[in-house]
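K.L.:
Just passing along the structure, written as structure tokens.
Each value in this text was obtained by applying a stated rule to the coordinates, not by laboratory testing. Keep in mind that this is a model prediction, so the values were computed, not measured. With ideal geometry, Cβ positions are generated from the backbone for all residues, glycine too; neighbour counts draw on all protein chains shown.
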Amino acid sequence: MKKWIATAMAMACATPAFADPDAASPPHALTANIGVVSQYVFRGLTQTDERPALQGGFDYSHASGFYAGIWGSNVSWISDGYAPGSGYSVEVDTYAGWKFALPHDITLDAGFLRYNYPGHEPSGGFAAGTTRPDTNELYVAAGWKWLTLKYSYSLGDTFGVQDARGSDYIDLTAAVPLADTGFTLSAHAGHQRYRGTNAALWPAASGCTNSCLSYTDYKLAINREWFGVNFGLAYTTTDADATARDGTLIYRNNFGTNIGRSQWLVSAQKVF
């Protein structure tokens, strides 16, 4: 299932690269980014069944702290999983927010992010308890030097799960430059929590509500720039269970892959 993947190159290629306004910069700034990753992993879950992804986007920022952008990637997790036969093969994220610099190396960031999945639903429609994967989130983040704490709140159905308003994701990321080597080492931990009962999705025998989808993910990454290209190597893992207590498949796709299992990924990105 499903963006923010932004502490190191590997994280930047797995999530949109958000603008970081600087009061000393020109009033308006526009950048573009393009990258390739050995697989797209979002919040610890592979979005491409462990296959490569091509990603890129555009970011606008203003000296006032306002920013907006668009970012895209190929995906397969929807048709691989709960909606076989659907035509959702692309993720296009749009976002806008404000970021402020405060004394003592503190930053505050708040905004809105929409995960868009253009395409068509399965010919027979969605299974009970599921729906289109488009998701809207509000987020707030606080940073101090190399630490960032972020909270994201879902405004409705969440990545195809109905009755999931109020689901949220909280994560802490540290990105530490390694002296004068040019390398940056990052560590990340996050928890995705699903809310709602959604009786249509969870039969009584399962003993589950949407909370059975909740999980914690971890990531270690290292990146460095060579010749104007950021290269990254990352390792991700989660405690996402592949099955519910009654044996119902959860995070196992139609090819038998536990999409939350431990993963290695490499990435390369260029910013213009």
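K.L.:
In deg cm²/dmol, rounded to 500, what helix-only [θ] at 222 nm does the chain give when every DSSP H run of at least 4 residues adds -39500 (n - 2.57) and the total is split over its residues?
P.N.:
Mean residue ellipticity, 222 nm, calculated: -500 deg cm²/dmol.
K.L.:
Follow-up question, since we're still on this one. Relative contact order (percent) for the range 119-272, with alpha-carbon contacts under 8 angstrom and 6 or more residues of separation?
P.N.:
Contact order relative to length: 15 percent.
K.L.:
Pick out, in residue order, every one of the trypsin sites (Lys or Arg not before Pro) in the range 62-153 that is DSSP loop and has at most 15 other C-beta atoms within 10 Å; say none if there are none.
P.N.:
Lys145
K.L.:
Another question, if that's okay. Would you please name the chymotrypsin sites (Phe, Trp or Tyr not before Pro) within the range 154-197 that are DSSP coil residues with at most 16 other C-beta atoms within 10 Å of their C-beta?
P.N.:
Phe183
K.L.:
Can you tell me the Rg and Dmax of the range 20-103, counting just the alpha carbons, in angstroms?
P.N.:
16.3, 52
K.L.:
In Å and from the alpha-carbon atoms only, list the Rg and Dmax of the range 144-218.
P.N.:
Just the Cα atoms of the range 144-218 yield Rg and Dmax of 17.1, 58 Å.
K.L.:
What's the local net charge at His191, with K and R +1, D and E -1, over the other residues with C-beta under 11 Å away?
P.N.:
-2
K.L.:
Along each principal axis of its Cα atoms, how long is the range 70-133 end to end? Whole angstroms, biggest number first, please.
P.N.:
Taking the Cα atoms of the range 70-133, the three principal extents are 56, 23, 15 Å.
K.L.:
With a sphere of radius 11 Å drawn around the Cβ of Glu50, what net charge do the other residues whose Cβ falls strictly inside it have (Lys, Arg +1; Asp, Glu -1)?
P.N.:
Result for the neighbourhood of Glu50: 0.
K.L.:
Under 9 Å from the Cβ of Ser38, count the other residues' Cβ atoms, weight Lys and Arg +1, Asp and Glu -1, and hand me the total.
P.N.:
Around Ser38, the surrounding residues sum to 0.
K.L.:
Looking only at the chain, where both bridge partners belong to it, what percent of the DSSP beta bridges are antiparallel (to the nearest 5)?
P.N.:
100
K.L.:
Based on the Kirkwood radius over alpha-carbon pairs, what value in µm²/s does the Stokes-Einstein equation return for the translational diffusion coefficient of the chain at 10 °C and 1.306 mPa s?
P.N.:
83
K.L.:
Turning to a different aspect of this structure: At q = 0.23, 0.27 Å⁻¹, work out log10 I(q)/I(0) for the range 109-170 with the Debye formula, treating every Cα as an identical point scatterer and leaving solvent out; two decimals please.
P.N.:
One equal scatterer on each Cα of the range 109-170 leads to -0.92, -1.09.
K.L.:
Placing unit charges on C-beta atoms (Lys and Arg positive, Asp and Glu negative, everything else neutral), compute the dipole magnitude of the chain about its Cα centre in debye, rounded to 20.
P.N.:
160
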